[in-house]
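Since the structure comes first, as structure tokens, the remarks are kept for the end.
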Amino acid sequence: MKYFHGENKAGPYFEGWYLKHQSKDGRALALIPALHIDSGGRSSASLQVISGSRSWWLEYPIRQLHASQDRFSVRLGASRFNRKGMVVDICQDGLSLKGTLAYGPFTPLASDIMGPFRLLAGMQCSHGVISMGHSLTGQLTLNGEVIDFTGGRGYIETDRGRSFPEAYLWTQCAWEGTASASLMLAAATVPLPVGSFTGCICAVLYNGKEYRLATYRGAKIERWSPAMIAVRQGSYRLIAKLQKASSQPLQAPVEGSMRRTIRESLCAEVRYCFWKGQELLFRHTDRCASFEYSRR
């Protein structure tokens with residue numbers, strides 16, 4: 001897997017990494033370091049931070065962003081993110097965030113979540129999953145409040161391209177119990193040279209097995225709306241329903257420029273049901289799920 005594609009890119013282009021951390025008591029914090037190059041070739045970097053109750057947008061000169069192509073390693077200002085964990089030291093624009101988290105072994109997917117779509121030139125947005133789940137150890141201090149993430153779970157994904165899709169839905173969650181599980185599901189309108197289509201990608205890890213539902217494997221979106229999605233692929237059917245949410249604003253790319261405002265619920269209550277034929281593999285309601293729906 002290549003971890004950074006933006007070296008020597010001309011605009012419009014963006015590339016970012018989404019790192020979610022959730023504690024055993026249901027607290028969550030996500031950080032999104034990113035590179036963006038607008039259509040005029042102007043480059044900059046940013047870090048977005050989102051909690052369950054608010055979000056922050058921080059801008060950096062492009063020279064303060066460094067990323068590795070052959071391993072997951074990103075440095076932005078005084079903060080570092082890699083396979084071993086992250087170190088953050090931020091004090092600006094109303095945000096004080098300091099501390100160190102150690103990551104356990106990553107859980108990668110068996111293959112690229114984009115499947116054969118990764119070979120299509122000029123994709124508006126390409127998605128990647130770096131870790132479906134890993135353990136956390138350590139504490140962060142957010143504006144004077146200590147959050148202990150020891151024993152919690154982490155998740156990391158990445159996006160790159162020119163723009164976020166015109167319409168999309170994305171949800172992610174991970175939980176422990178009688179059977180540990182982790183899932184991510186995204187649906188989006190995908191533009192073509194003539195027209196467009198709605199596609200989906202989904203990975204479910206459950207009871208030690210990986211399930212892949214995707215347009216390139218024959219998955220069909222039965223229904224989707226701002227609060228639910230139903231996907232069917234052969235005998236498999238997955239439904240995600242948003243029960244309760246408190247969303248925060250984030251900035252998203254349009255032709256490489258971060259000028260679109262979307263809203264994400266980092267600690268949403270989402271109910272997931274997953275079937276194989278008539279067999280219900282799991283029914284789970286998660287109060288620390290992430291959920292995003294946006295339409296321009």
Expressed in nanometres to one decimal, the distance between label points 7 Å along Cα→Cβ at Leu280 and Met123 is 3.5
Filtered GluC sites (Glu not before Pro), the range 1-87: DSSP coil and at most 11 other beta carbons within 10 Å: Glu7
Rounded to whole Å, √(5λ) for the Cα gyration tensor eigenvalues of the range 1-139, largest first, gives 25, 21, 13
Once amide H atoms are placed 1.01 Å from N in the peptide plane, what residues at a sequence separation of 5 or more from Ser246, or on another chain, have their amide H within under 5 Å of its amide H? Cys267
Measuring from label point to label point, each 7 Å out along Cα→Cβ, what is the Glu166 to Thr150 span in nm? 5.1
Segment Arg296-Cys273, extension gain: residue separation times 0.36 nm, minus the distance between their alpha carbons: 5.4 nm
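Given the range 115-227, report the % of alpha carbon pairs whose separation exceeds 17 Å.
64
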Go ahead and set up a Gaussian network model of the chain, Cα springs under 10 Å, then flag whichever of Arg42, Arg263, Arg27 fluctuates most. Arg42
Share of the range 158-247's accessible area from carbon and sulfur, percent, 1.4 Å? 50
Can you tell me which lysines have their Cα less than 26 Å from the Cα of Lys276? Leave out same-chain residues fewer than eight positions away. Lys209, Lys220, Lys241
With each label point set 7 Å from Cα along the Cα-Cβ vector, what nm distance links Arg42 and Asn207? 5.5
Compute the Kirkwood hydrodynamic radius of the chain, taking the inverse of the mean of 1/r over all pairs of distinct Cα atoms, and give it in Å to one decimal. 19.4
Okay, which of the range 1-41 sit inside 19 Å, backbone N to the point 7 Å along the Cα-Cβ direction of Leu95? 14-23, 27-37
Computed over the chain, protein heavy atoms only, probe 1.4 angstrom, the accessible area per residue in square angstrom equals 44
Which whole-number percentage describes the relative contact order of the chain, with Cα contacts under 8 Å and a sequence gap of 6 or more? 16
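The values are calculated or read from the model by the stated rules, or taken from the named source; none is laboratory data. On a predicted model such as this, the values are computed, not experimentally measured, just so you know. All Cβ positions, glycine included, derive from the backbone under ideal geometry; neighbour counts span all protein chains shown. Keep in mind that these areas ignore ligands, DNA and RNA; they rest on the heavy atoms of the full protein, side chains included. Shrake-Rupley method; radii C 1.70, N 1.55, O 1.52, S 1.80 Å.
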